[in-house]
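Note sheet for the following structure.
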Amino acid sequence: MTTTRFAPSPTGHIHVGNLRTALMNWLIARKAGGTFILRLDDTDRERSKQEYADGIQRDLEWLGLTWDRIERQSDRLDRYAEAADQLRASGRLYEVFETPTELDLKRKKQLNMGRPPVYDRAGLALPDEQKAALRAEGREGYWRFQLDQQRIEWPDGIIGDVSIDAASVSDPVLIRADGQVLYTFASSVDDVDMGVTDIVRGADHVTNTATQIQIIQALGGTPPRFAHHSLLTGPQGEELSKRLGTLSLRDLREQGVAPEALLSLMARLGSNQPVELRMSLDALADGFDLSQFGASPTKFDAEDLWPLTRERNQHLPFEAVRDRITALGVPDNIAERFWSVARQNITRLDDLGPWWALMRDGAAPVVAPEDEDFVREALALLPPRPWTDATWDEWTAAVKETTGRKGKGLFMPLRKALTGMDHGPEMGALMPLLQQVARAG
């Protein structure tokens with residue numbers, strides 16, 4: 001059974017970078033008929049907030065990325081303590097006492113000597129009496145995992161075969177002095193216990209993956225299949241991390257981005273497939289294949305979401321927008337016609353409001369000085385209500401015959417006089433919906 005997971009920290013709002021990870025894992029599970037786990041990495045008691053946990057679930061539900069079960073790492077602290085005892089008993093977890101300042105001095109010395117800044121494992125040599133003396137001085141011990149110093153290799157689903165020399169990596173800290181279990185450890189325990197078979201995450205986790213493979217093996221588990229997707233940059237190749245606060249899913253939703261637009265872009269971005277609007281997650285899953293993604297940094301431009309949002313919104317059936325149109329105050333007897341006329345002139349669904357305001361209240365005429373006499377004469381020829389689909393053609397034909405104007409010089413001044421704009425729906429379809437028309441002065 002294929003089992004994937006998305007493990008965000010509830011310390012803020014999730015953004016497009018997080019979504020890429022969540023979506024890839026979700027699509028793998030959906031395509032295989034497997035299980036997708038939402039796992040909240042909330043062991044950081046100070047920074048984790050329930051409001052963020054709720055927000056993560058809201059964002060995923062908005063996109064339709066439902067989970068088969070939800071787990072909270074804060075509910076599993078006893079299990080992590082048990083796993084830590086297992087690693088201590090096997091000699092893989094050892095206590096260290098260096099302060100951040102001491103570690104920094106060690107790193108600088110190693111670099112000055114031309115050596116890689118890898119932890120020197122001094123903690124392994126500490127006798128028990130020296131540890132006791134350090135505690136008596138007020139030192140707080142924390143715990144590192146002893147890596148087997150051999151090459152760690154795996155066939156990565158995106159970047160290809162990976163081989164990392166464990167001797168070039170510091171033994172990772174798994175448990176802080178205050179007892180907080182860190183991500184590298186808790187995640188490994190969870191992946192073993194929950195039977196996770198496939199993990200997709202960002203390329204910045206490659207070193208984590210190397211160490212976690214050994215931790216999982218030390219716990220008696222089988223490492224899952226790993227794939228590391230490229231990191232996102234801005235449209236000019238600039239770092240995106242500084243802008244991610246403005247690219248949270250919550251903010252994109254509030255701006256009017258359509259969920260199908262966001263999913264369609266993120267499911268293909270960085271692959272060799274074109275980005276095309278897909279109206280269902282099943283349609284996205286059918287064409288999803290990790291092998292089609294590259295390892296190079298991937299450019300993300302939020303502006304690319306708007307053409308997709310426009311395409312999605314313009315193809316919605318009336319039933320999908322009926323409640324929104326009713327809420328605008330559009331009478332039921334013209335609601336469906338209003339949608340058919342306005343839909344081709346919107347990007348966001350919120351754009352419907354201004355179109356209804358125009359039809360309901362009319363607009364201030366926009367009349368160029370050289371067109372004032374012409375518009376006045378044309379409006380005098382405007383037939384009385386009710387207007388029909390034929391009114392525009394009949395009226396402009398009469399105006400043409402009377403004034404001799406034709407083409408753009410005929411139609412554009414009349415459109416601007418009735419709507420105050422030089423663009424919009426076909427006037428023949430729009431005129432029956434105009435409740436008010438302001439008269440030129």
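Determine which single condition Arg45 fails, assuming it passes every other condition in (1) surrounded by fewer than 17 Cβ atoms within 10 Å (Cβ to Cβ); (2) modelled with pLDDT of 95 or more.
Failing condition for Arg45: (2).
For the list (1) modelled with pLDDT under 95; (2) within 40 Å of the chain's Cα centre (by Cα); (3) surrounded by 13 or more Cβ atoms within 10 Å (Cβ to Cβ), I need the number of the one condition that Leu111 fails.
Only one criterion is unmet by Leu111, namely (3).
How about the range 187-243: which of its residues are among the aliphatic types (A, V, I, L, M), under 26 Å from the mean Cα position of the chain (by Cα) and not in a strand (DSSP E or B)? Talk me through it step by step, then tell me what you get.
Initial filter on the range 187-243 (among the aliphatic types (A, V, I, L, M)): 189, 192, 194, 196, 199-200, 203, 206, 210, 213, 215-216, 218-219, 227, 231-232, 240.
Now narrow it down to the ones that are under 26 Å from the mean Cα position of the chain (by Cα): 194, 196, 199-200, 203, 206, 227, 231-232, 240.
Correct list: Met194, Val196, Ala203, Val206, Leu231, Leu240.
From Gly362, Gly294, Gly270, which residue is out of contact with any helix residue (DSSP H, G or I) (no Cβ under 9 Å at 6 or more places or on another chain) and at pLDDT below 95? Please lay out each step first, then the result.
Values: Gly362 fails: out of contact with any helix residue (DSSP H, G or I) (no Cβ under 9 Å at 6 or more places or on another chain); Gly270 fails: out of contact with any helix residue (DSSP H, G or I) (no Cβ under 9 Å at 6 or more places or on another chain).
Criteria check complete, one pass: Gly294.
Specify which of the listed residues (Thr66, Thr11, Thr21) is of a type in the set (S, T, N, Q), in a helix (DSSP H, G or I) and either free of Cβ contacts under 8 Å to residues at least 40 places away in the same chain or under 18 Å from Leu249 (Cβ atoms) (or both). Explain how you work it out, then say what you get.
Numbers: Thr66 fails: in a helix (DSSP H, G or I); Thr11 fails: in a helix (DSSP H, G or I).
Criteria check complete, one pass: Thr21.
Scan the range 281-298 for residues that are touching a residue at least 12 places away in the same chain (Cβ under 8 Å) and farther than 22 Å from Asp156 by Cβ and report the count.
Adding up the residues that qualify gives 4.
Could you list, in sequence order, the residues of the range 296-325 that are in a helix (DSSP H, G or I) and not charged (D, E, K, R)? Can you show your working first?
Looking only at the range 296-325, we keep the residues that are in a helix (DSSP H, G or I), and these are 302-314, 318-325.
Hits for the range 296-325 are Ala302, Leu305, Trp306, Pro307, Leu308, Thr309, Asn313, Gln314, Phe318, Ala320, Val321, Ile325.
From the list Arg225, Arg268, Arg176, Arg253, which one is basic (Lys, Arg) and crowded, with 18+ Cβ neighbours inside 10 Å?
Selected residue: Arg268, the only one of Arg225, Arg268, Arg176, Arg253 that is basic (Lys, Arg) and crowded, with 18+ Cβ neighbours inside 10 Å.
Is it the case that Thr207 is touching a residue at least 24 places away in the same chain (Cβ under 8 Å), closer than 26 Å to Trp306 by Cα and surrounded by fewer than 19 Cβ atoms within 10 Å (Cβ to Cβ)? First the steps, then the outcome.
Details: touching a residue at least 24 places away in the same chain (Cβ under 8 Å): yes; closer than 26 Å to Trp306 by Cα: no; surrounded by fewer than 19 Cβ atoms within 10 Å (Cβ to Cβ): yes.
Taking the combined requirement at face value, the residue does not satisfy it.
Only one of Asp120, Asp165, Asp148 is closer than 22 Å to Leu219 by Cα, surrounded by fewer than 18 Cβ atoms within 10 Å (Cβ to Cβ), in contact with a helix residue (DSSP H, G or I) (Cβ under 7 Å, 6 or more places away or on another chain) and not assigned by TED's automatic domain parsing to the domain that holds Phe288; which? First the steps, then the outcome.
Details: Asp120 fails: closer than 22 Å to Leu219 by Cα; Asp165 fails: in contact with a helix residue (DSSP H, G or I) (Cβ under 7 Å, 6 or more places away or on another chain).
From the options Asp120, Asp165, Asp148, the qualifying one is Asp148.
Please tell me if Asp44 is touching a residue at least 12 places away in the same chain (Cβ under 8 Å) and not assigned by TED's automatic domain parsing to the domain that holds Arg253. Lay out the reasoning, then the answer.
On the way: touching a residue at least 12 places away in the same chain (Cβ under 8 Å): yes; not assigned by TED's automatic domain parsing to the domain that holds Arg253: yes.
Judged against the criteria, Asp44 is a match.
Here are some residues: Leu232, Leu219, Leu240. Which one is within 23 Å of Tyr52 (Cβ to Cβ), at pLDDT 85 or above and among the aliphatic types (A, V, I, L, M)? Quick ask: steps written out before the conclusion?
Numbers: Leu219 fails: within 23 Å of Tyr52 (Cβ to Cβ); Leu240 fails: at pLDDT 85 or above.
None of the other options fit; the residue is Leu232.
Yes or no: Arg58 among the charged types (D, E, K, R), modelled with pLDDT under 95 and not in a strand (DSSP E or B)? Walk me through it before giving the result.
Numbers: among the charged types (D, E, K, R): yes; modelled with pLDDT under 95: no; not in a strand (DSSP E or B): yes.
Judged against the criteria, Arg58 is not a match.
Select from the range 75-123 the residues that are β-branched (Val, Ile, Thr) and in a loop (DSSP other than H, G, I, E, B) and write down the one among them that is nearest to Gln212 (Cα to Cα).
Initial filter on the range 75-123 (β-branched (Val, Ile, Thr)): 96, 99, 101, 118.
Checking which are in a loop (DSSP other than H, G, I, E, B) leaves us with 99, 118.
Numbers: Thr99: 24, Val118: 17 Å.
Ranking the qualifying residues of the range 75-123, first place goes to Val118.
Checking the structure you have, find out if any residue of the range 78-95 is loosely packed, with under 12 Cβ neighbours inside 10 Å and in contact (Cβ under 8 Å) with a residue 24 or more places away in the chain.
Checked the range 78-95: at least one residue is loosely packed, with under 12 Cβ neighbours inside 10 Å and in contact (Cβ under 8 Å) with a residue 24 or more places away in the chain.
Of all residues in the range 124-144 being part of a helix (DSSP H, G or I) and in contact with a strand residue (DSSP E or B) (Cβ under 8 Å, 6 or more places away or on another chain), which is nearest to Gln214 (Cα to Cα)? Walk me through it before giving the result.
Going through the range 124-144, the residues part of a helix (DSSP H, G or I) turn out to be 124-125, 128-136.
After this cut, where a residue has to be in contact with a strand residue (DSSP E or B) (Cβ under 8 Å, 6 or more places away or on another chain) as well, the list is 124, 131.
Details: Leu124: 18, Lys131: 27 Å.
If we take residues in the range 124-144 being part of a helix (DSSP H, G or I) and in contact with a strand residue (DSSP E or B) (Cβ under 8 Å, 6 or more places away or on another chain), then Leu124 is nearest to Gln214 (Cα to Cα).
Only residues that are in a loop (DSSP other than H, G, I, E, B), charged (D, E, K, R) and touching a helix residue (DSSP H, G or I) at 6+ places or on another chain (Cβ under 7 Å): list them for the range 393-441, please. Spell out the reasoning first.
First, pick out the residues of the range 393-441 that are in a loop (DSSP other than H, G, I, E, B): 404-407, 420-426, 434-441.
Among the residues that remain, those that are also charged (D, E, K, R) are: 405-406, 422, 426, 439.
Within the range 393-441, Arg405, Lys406, Asp422, Arg439 meet the criteria.
The values are calculated or read from the model by the stated rules, or taken from the named source; none is laboratory data. Predicted model, so just to flag it, every value in this text is computed and none were measured. Heads up, the Cβs are rebuilt from the backbone with ideal geometry, glycines too, and the neighbour counts pull from every protein chain shown.
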